[in-house]
1. What is the antiparallel percent of DSSP beta bridges lying wholly in the chain, to the nearest 5?
2. S519 versus C548, label points 7 Å from Cα toward the beta carbon: distance in nm?
3. Excluding ligands and nucleic acids, what accessible area in Å² is computed for V601 using a 1.4 Å probe, to the nearest 10?
4. Counting only other residues whose beta carbon sits under 11 Å from that of P119, what net charge do I get with K and R as +1, D and E as -1?
5. Scattering from the C-alpha atoms of segment 344-428 alone, worked out with Debye: what is log10 I(q)/I(0) at q = 0.11, 0.12, 0.24, 0.25 1/Å?
6. For segment 683-725, which GluC sites (Glu not before Pro) pass both filters: DSSP loop (anything but H, G, I, E, B) and at most 12 other C-beta atoms within 10 Å?
7. I want the local charge near W416. Using Cβ-Cβ distances under 10 Å, sum +1 for each Lys or Arg and -1 for each Asp or Glu among the other residues.
8. Write down the accessible area per residue of the chain in Å², having rolled a 1.4 Å probe over the full set of protein chains.
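The values are calculated or read from the model by the stated rules, or taken from the named source; none is laboratory data. It should be emphasised that the depicted structure is a prediction, and the values quoted were computed from it without experimental measurement. Because the Cβ atoms are built from the backbone with ideal geometry, glycine has one as well, and the counts that use them run over all protein chains shown. Please note that ligands, DNA and RNA were not included when accessible areas were found on the heavy atoms of the full protein model with its side chains. Shrake-Rupley method; radii C 1.70, N 1.55, O 1.52, S 1.80 Å.
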Amino acid sequence: MVSLNEAWLQLCFMLIRLPESIKGEGPCIISADRKMAGCSGRSLKQVPKGLPPQLEHLDLSYNKLQQVTGKDFSNLPNLQVLNLGYNNISVIEDNTFKFNVLLEALIIFNNSLPEIPMPALRPLRNLKKLDMSNNLYNYSTLDKDFHTLSNLKDLSMGGPMIRVVRQNDFLPLKYIPLQRFALKTTSSLAHYEPGAFAVLNTSVLWFDIALDTNAKALREILRDLQNKSLACLRFRNLFEFTYYTDSLDLFAGLADIDVRTLVFFRGKFNENLLRLALLNVQKSLITNMALMSIDFARSLNSSISEIRINSLTLNNLVLMDISNPDILRFDWTFTWFNQVTNLSIINVNFNFVPCDAWDEMKNVVLLNVSNNRLKDDSIFNPTCLYQNIVPKMEVFIASNNQLTSLKAVSLLTSSWPKITYVNLGYNSLGALNESCVWNPSITTFILHHNVVNTNVFKCLPTSLEYLDMSNSQLERLDMEYFSQTQNLRELWLSSNKIKFIPSTWKSLSLQVLAVDGNSFGVINTKSFDNMPQLNILKAGNNPYHCTCDLNSFIKKIMQNGQLRLLNWPEDYTCYHPQALLDTRVELFSPSQLECDVNLVVAISVSVTAALVILCMLLCWKFDIPWYLKATCQIVQAKYRSRQDTSTRTYTYHAFVSYSHSDADWVRGELLYRLENSSPPYSICIHERDFLPGKWIIDNIIENIEKSRKVILVLSRNFVNSEWCNYELYFAHQRAIGHAFEDVILVVMETISLDSLPNKFCRLRKMLSTKTYLEWPAEPNRQPFFWMQLKNVLGKASVAVRPQGGFSLVNENVAPDLPTVSGNMDPSVGSLPSGFSIDIA
């Protein structure tokens, strides 16, 4: 029941409340559109100068203004709302509002005006709200010109100096249809002239009139209101200092007023005054009654009255903010509840519900007992008979009490056949390990701001459509419970400690889910797949791990369009990894390569395959397998030669490496010229000097080692011979230990360096860096060739002897390969004795 005055105040404050885009300008805060100015609480002693002329709303409340003049607002022709409340204004000049004819709301509440400033109010023909109460004028008499304010809807007037209300005080209001009229008088009204309120034409009437010393005036006031139609009649501090103890029925005329809501706010009440009020209310048209913040005290000589209040038919009965719970059974019974539909007992400090109280609530549909001190054993008493005691109860609110057991509440409500709504927020429920049986009619269950754990799911109704367990320190979910709640449509789990969202969470009817403000950081595209009806998700303010799964989930939601994220994107930020801390999730956009596993695998396989192919191409281009094979054979030969401990000496002046196709030239020309010279040269050729039965590679290496020089007979056939390449390779390895002068190149025919295969890189290097001998086709040039060759070989008379330096057979070599005999492939083993070898 919001009063009209409160509604106007809320409207004014809402208008005066400034938007976010504001800036300071002098002592005031000016809105961006320069239509609102907030100057409240600035200790101003005069109205600020230079305010924007387009200003429409100006708040100057809570300052130190003492007067306002015609110049203060003359430059504000568009002003519509002006708040001058809570100042010390004693003077308002007659022409103060001359240029403010658009003013609709003027608040001069709680100032020091000695009289009603009617001359200043005359131009304000558009005024709808005028609050000039709590000032220091002595009379409530309105000027005759007040009737010109025909648009007035809300008028508050009076103050602590008014001791008398005269008959014609409000006559100018007779033809003004007000929505609310409020009058404040002194603490003890001295005199009320009958007929004063008879002229009022209003829907809501507020009286802040204390009648401690003039209680009979209440009867006169009510008599003046006879036959009037009022939405609300409110009395504030009806008896401010004393309790009424007389027998005179002060509310005798209440039944003659067409009023729907009666409110008593503050003031002294005892069982006598309350009984008089209730007796008349039950005879009236009143359907709503509220006793708020009253000071109730039982009389010392009180006893059970013979007159029972058992016909108080009310839609709403509100008992709020009353420190003495004795008011509940002021006449020692609870009979005044038996015709009430909606009963609210809020903050009345009671901690026990007697059995007979339930008996008197057979017509109650809504029971609100929030903000009290109820405990488990006081709300459910096993000695009471609860069967069919509240057959109409649909809504039960017991929030903000001291309850710990859901089972106690389930036992209490199990026999209420129509119960649908249960609110148990702000208690200590949900921590006990207990099982409950609830009435299947319950569809809404409020359990926010409790202390729950997973045991709570054993004691929740399964018939729910709406469940709220926000702010309840819940850490884990029970999937079994949600599989049983076939009708659950809304679930609120905000501000808990949930650390994990199971992908198996199944709730077929769920439409709204709130899990914001929890502790989980991982969700993925499958997190809510088992909730086909889900269309609203509130999941902000969680410590999100910004991963590909989260990114995929967000993309799925945005593309699908079925699920709407509340508070997106401002409430969704990254918590992990550290580099993305406090980054909005919407700004996290990983590349496809980071998130697509199939793509990563495909790229990895492709790159690996490309590398393998590249390696194969490189091996083919540079003949790496051949070199590896040759090196392996050298190592093996060295190892085998290491086993031979015999002393080696240079046996030959030269080892000749040649192709089988050049054998005729070697035997007919080279050997003939060198071995028949005087003195003769000792030459080694494989056809004659290789030891039968020995490994071919060993023969090559050993005879090269026994020779001072190595003669390479180069031709195209040499290049195409695998064994010649071996001998070239071994000769090169020997040359490393000696000098490249030990290798003599004899070119039989022109060979292009570019035509040499890649594996002959050593030969290419020798031909490009070393002087070689070229066999001349012309006979007349051949003698010079032999002279050059002999010069390179040295004098044959020089004794052949071992030379120091590098020796192949002295290095670590691989194990011996098995020797072979018989007619074998020369690339595999040695030949039988007497067989020649074609090493081409």
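1. 5 percent
2. If labels sit at S519 and C548, their model points lie 2.9 nm apart.
3. My reading of the accessible area for V601 is about 80 Å².
4. Details: positive: K98, R122; negative: E93, D94, E115, D143, D145.
Summing Lys and Arg as +1 and Asp and Glu as -1 gives -3.
5. Summing over Cα pairs of segment 344-428 leads to -0.24, -0.29, -1.37, -1.50.
6. Nothing satisfies the criteria.
7. Counting the neighbours of W416, the net charge comes to +1.
8. Roughly 46 Å² per residue, with all protein chains present.
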